[in-house]
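Beneath this line is the structure, given in structure tokens, with notes to follow.
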Amino acid sequence: MEGSGLASASIAAFLNELSLLEYKMKVHYPIVMYEIIECENQYTDLQSRIMSIVDRPFTTYMLKKGRYTFSQLVKTKKSCQVIGVEPGVEIEIEHGIQISRPLDSEFELDFEREREIAVHFENILFCSKGSQVRVHKGGIGTFYRCKFSNQILEEDYKFKENIDIFYQRFLSNIDMKDKNIAQASSYHKAE
């Protein structure tokens, strides 16, 4: 449940940065790392972020509407959270997902790593034509409000999730921040 707590703390921090200053947040979540991924391209490759040992563990990746493709077997090397913050977030799995703690022999250097790898997915449709999601050997996988399909969906049948008021508020705040950024940049251009 640590993953879902970090995911919720990340969303709260994005919605209101002052929430990080509250006593309980400081005690339970002293370090909150999150990234919003608009769409998948060469700079926002979700697959490589999940597999990277260099990126900070326990980062929350908040995905906007779209289809993200895992074109190779995704082997987790660190704990993270992946959340669909808009309806219509799909992950196409071509060769599977493996959530487990990597063996020491996979690394040339000896360094301290996490004892367990915990990956939390939320509000995502996983599409696949026969690939597997495997959780074993020191791995913990949680899937909250996720759906799994053994076929790639056509446009007419895209995933639609009834999302609660919390996500509606989150989406309106994202739009508001985008508008504020656009207004600020147009203001600086006018000067």
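For each of LEU73, LEU18, count neighbouring Cβ atoms within 10 Å of the residue's Cβ, then give the residues from fewest to most. List each step's numbers first, then the result.
On the way: LEU73 16, LEU18 9.
Least crowded to most crowded, the residues run LEU18, LEU73.
How much length would be gained if the chain were fully extended between HIS95 and SER71, taking 0.36 nm per residue of separation minus their Cα-Cα distance, in nm to one decimal? Walk me through the numbers before you get to the answer.
On the way: separation 24, 0.36 × 24 = 8.64 nm, distance 0.67 nm.
Result for the pair: 8.0 nm of gain on full extension.
Please work out the FRET efficiency for the pair SER48 and SER105, using the Cβ-Cβ distance as r and a Förster radius of 22 Å; give the result to the nearest 0.05.
Calculated transfer efficiency: 0.50.
Amide H of ILE117: which non-local residues (sequence gap of 5 or more, or other chain) have their own amide H closer than 5 Å, using H built in the peptide plane?
ARG101, GLY139, ILE140
If we count other beta carbons within 10 Å of each Cβ, what is the order of VAL27, VAL135, VAL119, fewest first?
Ordered from fewest to most neighbouring Cβ atoms within 10 Å, VAL27, VAL135, VAL119 come out as VAL27, VAL135, VAL119.
With the calculation restricted to Cα positions, what are the radius of gyration and Dmax of the stretch 6-61 in angstrom?
12.8, 39
What is the gain in length, in nm to one decimal, between SER19 and ARG56 on full extension, counting 0.36 nm per residue of separation less the C-alpha to C-alpha distance?
Extra length available between SER19 and ARG56 comes to 11.1 nm.
Mind checking the full-extension length gain between CYS39 and SER172? Use 0.36 nm per residue of separation minus the Cα-Cα distance, one decimal, nm.
46.1 nm
Using the 10 angstrom Cβ neighbour count as an exposure proxy, how do THR76, THR69 rank, fewest first?
Neighbour counts put them in this order, fewest first: THR69, THR76.
For the stretch 8-143, compute the orientation-averaged projected area of the C-alpha convex hull (one quarter of its surface), in nm².
Values: hull surface 35.9 nm².
Averaged projected hull area, Cα only: 9.0 nm².
The numbers here are math on the coordinates, done by the rules we state, and not lab data. The structure displayed is predicted, hence computed values, not measured ones. Quick reminder, even Gly has a Cβ in these numbers, built from the backbone with ideal geometry, and neighbours come from all protein chains shown.
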